[in-house]
1. Small (Gly, Ala, Ser), at pLDDT below 85 and more than 12 Å from the chain's Cα centre (by Cα): which single residue out of Gly63, Gly77, Gly112 fits that description?
2. Would you please list the contacts, defined by Cβ atoms under 6 Å and residues six or more apart or on different chains, that run from a residue in region 26-47 that is farther than 15 Å from Trp81 by Cα and without any contact (Cβ under 8 Å) to a residue 40 or more places away in the chain to a residue that is buried (at least 16 other Cβ atoms within 10 Å of the Cβ) and polar (S, T, N, Q)?
3. Ala110 - would you say it is of a type in the set (Gly, Ala, Ser) and in a strand (DSSP E or B)?
4. Looking for whichever is buried (at least 16 other Cβ atoms within 10 Å of the Cβ) and either within 22 Å of Ser9 (Cβ to Cβ) or in contact with a Lys or Arg (Cβ under 7 Å, 6 or more places away or on another chain) (or both) here; the options are Ile65, Ile56, Ile94. Which one fits?
Amino acid sequence: MKIKGRVVSGLGDAKGFVPKYSDLIFEAIEARVYAGTLNLELVEKVDFSLFKGIRIAGPEGLGDITVYTAKILLGNGYKVWIVKADKSTHAGNIIEILADCSLREKFNLADGSLVEIGLVNV
């Protein structure tokens with residue numbers, strides 16, 4: 001399934017939260033991720049319950065997350081993970097994308113850039 005969204009600025013919270021989850025994320029997906037996320041405002045609603053995600057119990061005092069394997073469809077495609085937090089301050093139409101690097105820098109993305117994500121149902 002392809003998901004389209006526009007890049008939007010976040011609150012910068014992920015830079016504080018991702019490091020707290022990094023070891024747990026590594027155990028689940030066997031990859032180290034950048035200490036931040038790319039936020040996308042979805043063009044259309046997506047029912048994530050139709051896809052198999054990896055549940056990760058949050059560290060003490062923090063909420064659980066679900067991680068979905070995906071590819072950002074830029075260049076030759078680039079492996080990413082959509083992360084959905086049980087506790088989130090984002091509106092329901094905002095998703096956060098994890099990768100091993102800053103996707104804004106790698107693909108020269110700015111607020112308003114249209115991005116397509118291929119969701120992998122593994």
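1. Gly63
2. none
3. It is false that Ala110 is of a type in the set (Gly, Ala, Ser) and in a strand (DSSP E or B).
4. Ile65
The values are calculated or read from the model by the stated rules, or taken from the named source; none is laboratory data. All figures in this text were calculated on a predicted structure; none of them were measured in a lab. Glycine also receives a Cβ, built like all others from the backbone with ideal geometry; neighbour counts cover every protein chain displayed.
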